[in-house]
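The structure appears below as structure tokens.
Rule-based calculations on the coordinates, nothing more; no lab input. What you see is a predicted model, and the numbers here were worked out from it, not measured in a lab. Please note: Cβ atoms are built from the backbone with ideal geometry, for glycine as well, and neighbour counts cover all protein chains shown.
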Amino acid sequence: MSFKKVFASLLAAAMLVGCGSGSGSSTTDGAAAGGDTGASGEGRVYFLNFKPELDETLQELAKTYTAEKGVEVQVVTAASGTYSQTLTAEMDKSAKPTLFVIGNQAGVAEWGDYAIDLKGTAIEQELSTDAYNLYDENGKLVSIGYCYECYGIIVNPDLLEKAGHSLDEIKNFETLKAVVEDIHARADELGFDAFSSSDMDGSSSWRFTGHLANLEYFYEEKAAGKQWTECPAEISGEFMGNYKNLYDLIINNSLTDPKDLATGGHDAENEFKTGQAAFFVNGSWEYAAVSESVPNARMIPYYCGVEGEEKAGLNCGTENCWAVNSKVSEADQKATIDFMVWLVSDPTASAKMVEQLGVLPYKNAPESANGFLADAAKYTDEGCYIMDWATNYQPNVDEYRAGLVSALNQYNADQSDANWANVETAFVQGWATQYAAVNN
């Protein structure tokens, strides 16, 4: 079954909003943010990108577009976890971004006035689905999704086989735990460990304070019988025990001692690619990188001990939605939309975008060969529930996650009940505190 054919079933259950967490870790070496491009009267393009792993591809495509079309394109990529601050700073400059990301309804409320209505534009007409679109309360099309993603636990089946196990064994937390702990106990004998490193510095912590945290929020939604449509004022923390199950399993059966996670410095992706670890917590955007070394890599759900999780699927959604700046000239707006259309419809450009992003929800984009998105589709076809991206509603996201990092670092250094209680406080009370901070 093609990815375009499975879109409908995947999208129906996924939360169709984006988050401002950032899925990567690096900053661009491109032009200084907000610098004058010296664009001609035909307009300029300045894309403030928040996916560091896409930076290299975008820089290459920007140069190609400029060479072909004669329009200057500047791409600046914010460091992971700093997009909100960077966007605020850039919007105060004379040469503002013409293209930026508004990824959730909180972003719509904050930045909606800075976005043109994309209804009826050339880029809107390229969409194959409107499921990722974000609207304001008046029906203005504020931003549109430019990729579809999933995340979970990436697995090297060959290493499982070397350890005497198979992917088919893993159906829930109990079976995952048995395989993981056996591999970790025999790491010296096997020559590899269970999990790659789980650093808590800015390049990695989002995997646990954003993505892994989603299991707690999602199961709160599921228990209540409906998805969130706006940020709740508080959460119950009912499934913090399940978060702890999986988090403990990851950090205590890993290449790196939990006490050494705070400052980072470990390359989890490379550890997985070079066969040092059988499991790697990450998302579909990693497929292009890891499949070069582990071509049969697979992705499994966040098994965490919840009843009925044998029917769990992957975390599916998007955190990437394009907005065109209403505060720049009409020439800049047109140039920007023309560039967007080229990215998703030009055969070469769209193929490069798909290679990096997995799926583009645009009718002229090529189909994806991303194996992790194929895994997501397979789970859905088998009747498994999709874990939508409830984590997108984290209030005052940078400050909230900073509190989680601090509490988790304290727990990593000393896994006492008291320190875990502090983690729960950071999750639950921290949510209420940050909600109040932005909703006074």
| note | Listed by chain and number, the aspartates and glutamates with an alpha carbon less than 12 angstrom from that of K69, same-chain partners under 8 positions apart left out, are E42, D338
| request: Could I have the simple spin-label model distance between T88 and K259, label points 7 Å from Cα toward Cβ, reported in nm to one decimal? | output: 3.8 nm
| field | Links that overshoot a 28 Å alpha carbon limit, given the list K63/K334; K51/K378; K244/K352; K119/K352; K226/K334 | value | K244/K352; K226/K334
| query | For E238 and S329 in one chain, what is 0.36 nm times their gap in residues minus the Cα-Cα distance, to one decimal in nm? | reply | 27.8 nm
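Calculate the FRET efficiency for R186 and T129 from the Cβ-Cβ distance with a Förster distance of 41 Å, rounded to the nearest 0.05.
Numbers: r = 46 Å, r/R0 = 1.13.
That pair, R186 with T129, gives E of 0.30.
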| Roughly what % of DSSP beta bridges within the chain run antiparallel, to the nearest 5? | 60 percent
| query | To the nearest 500 deg cm²/dmol, what mean residue ellipticity at 222 nm is calculated for the chain from DSSP H runs of n ≥ 4 alone, each contributing -39,500 (n - 2.57), summed and divided by the residues? | reply | -12000 deg cm²/dmol
| Per-residue Cβ neighbour rank within 10 angstrom, fewest leading, D332, D417, D346, D92 | D417, D92, D346, D332
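Working out 0.36 nm times the residue gap between S406 and A67, then minus their Cα-Cα distance, what length gain in nm do you get to one decimal?
Length gained between S406 and A67: 117.4 nm.
Kindly state, to the nearest 0.05, the FRET efficiency for E137 paired with T175, given R0 = 60 Å and r defined as their beta-carbon distance.
Numbers: r = 46 Å, r/R0 = 0.77.
For R0 = 60 Å, the calculated efficiency reads 0.85.
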| request: Please arrange C147, C384 by counting, for each residue, the other beta carbons lying within 10 Å of its beta carbon, fewest first. | output: C384, C147
| query | Of (i) 22.1; (ii) 19.8; (iii) 32.4, which one was derived for mean projected area of the Cα convex hull in nm² from the structure shown? | reply | (ii)
| Under a 5 Å amide H to amide H cut-off, with H placed in plane at 1.01 Å, what residues pair with S143 once short-range neighbours are removed? | L134
| Calculated FRET efficiency for the pair E399/K226, C-beta based, R₀ 30 Å, to 0.05 | 0.65
| Alpha-carbon centroids, the stretch 97-129 and the stretch 349-391: separation in whole Å | 21 Å
| If you add up the charges near S236, with Lys and Arg at +1 and Asp and Glu at -1, over every other residue whose beta carbon is less than 10 angstrom from its beta carbon, what do you get? | -4
| Could you give the nm distance between label points at T274 and E355, where each point is 7 Å from its Cα heading toward the beta carbon? | 2.5 nm
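Calculate, in nm to one decimal, what D381 and D158 gain on full extension: separation in residues at 0.36 nm each, minus their alpha carbon distance.
Extending this stretch completely gives an extra 77.8 nm.
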| said: With the crude spin-label approximation of a point 7 Å out along Cα→Cβ, what separation in nm comes out for N252 versus A421? | reply: 1.9 nm
